[in-house]
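Worksheet: one structure, shown below.
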Number of protein chains: 2
Amino acid sequence: MFNKICVLGCGLIGSSLLRAIDKKKLAKEISAFDKSKDVSAYLVKNFSFNIAKSAEEAVKDSDLVIISSPLSSYKEILLSMKSSLKKNVILTDTGSAKKEVNKVISNLNLDGVNWIASHPIAGTEFSGPEAGFAELFENRWCILSADKSISKDEISKLEKFWSDLGSKVKLMSFEQHDYVLSLTSHLPHAVAYSIVKTAINDDDKFKNDIIQYSAGGLRDFTRIAASDPLMWRDIFIDNSENILKVLNDYSNNLDEIKTAIENKDGEKLMKIFSSTKKVRKEIIKAGQDTEKPGFGRK
Amino acid sequence: MFNKICVLGCGLIGSSLLRAIDKKKLAKEISAFDKSKDVSAYLVKNFSFNIAKSAEEAVKDSDLVIISSPLSSYKEILLSMKSSLKKNVILTDTGSAKKEVNKVISNLNLDGVNWIASHPIAGTEFSGPEAGFAELFENRWCILSADKSISKDEISKLEKFWSDLGSKVKLMSFEQHDYVLSLTSHLPHAVAYSIVKTAINDDDKFKNDIIQYSAGGLRDFTRIAASDPLMWRDIFIDNSENILKVLNDYSNNLDEIKTAIENKDGEKLMKIFSSTKKVRKEIIKAGQDTEKPGFGRK
């Protein structure tokens, strides 16, 4: 158990953390800060612990500091509060890309700070503190990454924290994290945005029909394409190297389908479509989705 | 109510129709045929009505004949049974593409046959008769298309049939159907196959990690990419003209994201990602998906 935990940035993820830490009593003291006045007002109204006026104030005496704001805000936050960090604090985050952020933090040469990145693979298509809930991390993966200089004891403390929230924890290098996530998360988001942009066009006279009959596939993509734009802008810029590489591989695979359609090459299409069928079973076997038809939608 | 209804092709859709027709007592007599011996054996075991030995035998005396087999099989089926069709029969189908099939049927110059195409926008990622269920069509759209020569009375009879199954019915031209579906269903499937093929590669040493952490977006696509390969091969070949056009538009939209990432153009990315966010609300407002986070997955 930590004496004091501080959460900086209190949207969907940050507010869910606050709710879970509070509910499960994982700290004697909790503090939180969000630079948005609206979010702050929401926090004051809905939580009984200290909502700080600044990141500097929030981090004071905290044993665990969690940055849960967009990637592009890390540097400013760190500069504003680094001199107030408690000696031997564990500093973590909840960001979806790691390599660039790790560079930013390394360049600050923080002394007496145990920087261990966290990435809870949890979230919904909604954003903001009112969308958060304490159970968000239950039975979800959380990936931790740290330099070799960080002691195993400190990593174990953070592992325990995520386990207490109900998550399954995995250690990965910063580089491996960014590669794996470029395929499992970042590519799917780029694709979802593109497809929704292609299909739903205000100038299309059949727009209403396209929305009406979206159950044939399109609606699955609109969920992902509804995610927080600012968060995703930052991910695409931070992990651009991996994302551009996998986008190229993806375009080649799409071109293969295109060519098969142009040539009316049924054999080739059968081969492509059959190869992806078995993947669903592997996803379900790994406990990563429900086997109920249509995600169990009612 | 029809005197006799015949279903040709008894996979997910055909067997669901049989179950629903039986349960809701929409015909005095039901007959069914499937050219697969395994499927036939399943039907004999699980249904009490007549499982015919041929399409020709099945359609005899039927007032409504429903072809529910892959698009590429229509011609053979029609040639084998057209001379056995009852005078003034309603002939329909459940296929996902219409224009080419309509050509095939027009070229056969069927006399005394009311050809009205049906497309129930219903289905799951599973296939085969054991995956079917009577409620599949409830609260789902069914699109009908017919030439102007078909009388309103006959169309009304078929509309009533689908309404009785719980569907909402909409009339559309063959061409409009194929265009709308190329965006709402066919493009999403092409994209899903490509992304799953890109992300899950047996040669990738991180393959297990990619499956393990697929909840960040990828898993949503694996559902669609698990659909019946043969059915989709036929759709891509039949509706190739529309699909190739929308795939080109899609590639252009993807290239726009790629260029913005290459240029680290945050403003452009924000603009793209914000534009797709509102679509989700329109889909939910149109009753086409649940507003629960993550499709309401448990």
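When B:Ser72, B:Ser16, B:Ser62 are checked against the criterion of being crowded, with 23+ Cβ neighbours inside 10 Å and touching a Gly at 6+ places or on another chain (Cβ under 9 Å), B:Ser16 stands alone in meeting it.
For segment A:216-230, the criterion of being under 23 Å from B:Lys292 (Cβ atoms), over 21 Å from the mean Cα position of the chain (by Cα), of a type outside the set (D, E, K, R) and not in a loop (DSSP other than H, G, I, E, B) is met by at least one residue.
Among the numbered conditions (1) at the interface with chain B (Cβ under 7 Å from one of its Cβ atoms); (2) in contact with a helix residue (DSSP H, G or I) (Cβ under 7 Å, 6 or more places away or on another chain); (3) crowded, with 21+ Cβ neighbours inside 10 Å, the only one that A:Ala215 does not meet is (2).
The single condition from (1) crowded, with 16+ Cβ neighbours inside 10 Å; (2) away from chain A (no Cβ under 14 Å); (3) in contact with a strand residue (DSSP E or B) (Cβ under 6 Å, 6 or more places away or on another chain); (4) among the charged types (D, E, K, R) that B:Lys98 fails is (2).
When A:Lys75 is tested against the conditions (1) basic (Lys, Arg); (2) in a helix (DSSP H, G or I); (3) in contact with a Lys or Arg (Cβ under 9 Å, 6 or more places away or on another chain), the lone failure is (3). Would you mind stating whether A:Asp255 is acidic (Asp, Glu), within 24 Å of B:Leu183 (Cβ to Cβ) and either within 18 Å of the chain's Cα centre (by Cα) or outside the structural domain of A:Ala122 (by TED's automatic domain parsing) (or both)? The answer is yes for A:Asp255. Only one of the numbered conditions (1) more than 7 Å from chain B (Cβ to nearest Cβ); (2) within 29 Å of A:Arg140 (Cα to Cα); (3) modelled with pLDDT under 95; (4) assigned to a helix (DSSP H, G or I) is not met by A:Asp234, and that is (3).
Somewhere in segment A:165-181, is a residue more than 11 Å from chain B (Cβ to nearest Cβ), farther than 30 Å from B:Thr222 by Cα and either surrounded by fewer than 18 Cβ atoms within 10 Å (Cβ to Cβ) or at pLDDT below 95 (or both)? No: zero hits. Give the residues of segment A:241-296 that are closer than 30 Å to A:Asn139 by Cβ, of a type in the set (S, T, N, Q) and in a helix (DSSP H, G or I), sorted by residue number. If the condition is that a residue be closer than 30 Å to A:Asn139 by Cβ, of a type in the set (S, T, N, Q) and in a helix (DSSP H, G or I), then A:Asn242, A:Ser275, A:Thr276 are the ones that fit.
Against the criterion of being buried (at least 23 other Cβ atoms within 10 Å of the Cβ) and not basic (Lys, Arg), B:Ala55 qualifies.
Please verify whether A:Glu262 is of a type in the set (Asp, Glu), more than 16 Å from the chain's Cα centre (by Cα), at pLDDT 90 or above and under 23 Å from B:Glu125 (Cα atoms), treating the condition exactly as stated. First the steps, then the outcome.
On the way: of a type in the set (Asp, Glu): yes; more than 16 Å from the chain's Cα centre (by Cα): yes; at pLDDT 90 or above: yes; under 23 Å from B:Glu125 (Cα atoms): no.
Answer is no for this residue.
Could you tell me which numbered condition B:Ile257 fails, if it satisfies all but one of (1) more than 7 Å from chain A (Cβ to nearest Cβ); (2) within 17 Å of A:Ile243 (Cα to Cα)? Answer for B:Ile257: the failing condition is (1). There is at least one residue in segment B:113-122 that is within 14 Å of chain A (Cβ to nearest Cβ), part of a loop (DSSP other than H, G, I, E, B), under 11 Å from the mean Cα position of the chain (by Cα) and buried (at least 23 other Cβ atoms within 10 Å of the Cβ).
Can you work out which of the residues in segment A:139-159 that are in contact (Cβ under 8 Å) with a residue 12 or more places away in the chain and among the charged types (D, E, K, R) is nearest to the other protein chains (Cβ to nearest Cβ)?
Initial filter on segment A:139-159 (in contact (Cβ under 8 Å) with a residue 12 or more places away in the chain): A:139-147, A:150-151, A:154-155, A:157-159.
Narrowing the set further to residues that are among the charged types (D, E, K, R) leaves A:140, A:147, A:154, A:157, A:159.
Numbers: A:Arg140: 7, A:Asp147: 20, A:Glu154: 24, A:Lys157: 23, A:Glu159: 17 Å.
Restricting to residues being in contact (Cβ under 8 Å) with a residue 12 or more places away in the chain and among the charged types (D, E, K, R), the top hit is A:Arg140.
Residues of segment A:32-63 that are under 19 Å from A:Leu12 (Cα atoms) and not in a helix (DSSP H, G or I): A:Ala32, A:Phe33, A:Asp34, A:Lys35, A:Ser36, A:Phe47, A:Ser48, A:Phe49, A:Asn50, A:Ile51, A:Ala52. Residues of segment A:199-209 that are surrounded by fewer than 23 Cβ atoms within 10 Å (Cβ to Cβ) and either facing chain B (nearest Cβ under 7 Å) or closer than 19 Å to B:Ala226 by Cβ (or both): A:Phe206, A:Asp209.
Number of residues in segment B:262-298 that are in contact with a helix residue (DSSP H, G or I) (Cβ under 7 Å, 6 or more places away or on another chain), more than 7 Å from chain A (Cβ to nearest Cβ) and crowded, with 16+ Cβ neighbours inside 10 Å equals 1.
Inside segment B:88-112, can you point out the residues that are more than 19 Å from B:Leu181 (Cβ to Cβ) and either outside the structural domain of B:Ser68 (by TED's automatic domain parsing) or not in a loop (DSSP other than H, G, I, E, B) (or both)?
B:Val89, B:Ile90, B:Leu91, B:Ser106, B:Asn107
Looking at segment A:182-198, which of its residues are of a type outside the set (Val, Ile, Thr) and at the interface with chain B (Cβ under 7 Å from one of its Cβ atoms)?
Within segment A:182-198, A:Leu183, A:Ser185, A:Leu187, A:Pro188, A:His189, A:Ala190, A:Tyr193, A:Ser194, A:Lys197 meet the criteria.
Residues A:Ser127, A:Ser83, A:Ser36: which one is under 15 Å from the mean Cα position of the chain (by Cα), of a type in the set (Ser, Thr, Tyr) and at negative phi? I'd like the intermediate steps shown before the answer.
Working: A:Ser83 fails: under 15 Å from the mean Cα position of the chain (by Cα); A:Ser36 fails: under 15 Å from the mean Cα position of the chain (by Cα).
Just a single option satisfies the conditions, and that option is A:Ser127.
Among the residues of segment A:2-32, not one is over 24 Å from A:Glu154 (Cα atoms) and in contact with a Lys or Arg (Cβ under 9 Å, 6 or more places away or on another chain). Of the residues examined, A:Asn50 is not one that is assigned by TED's automatic domain parsing to the domain that holds A:Arg19, without any contact (Cβ under 8 Å) to a residue 40 or more places away in the chain and on the phi > 0 side of the Ramachandran plot.
The values are calculated or read from the model by the stated rules, or taken from the named source; none is laboratory data. What you are looking at is a predicted structure, and each value in this text was computed from that prediction instead of being measured. Because the Cβ atoms are built from the backbone with ideal geometry, glycine has one as well, and the counts that use them run over all protein chains shown.
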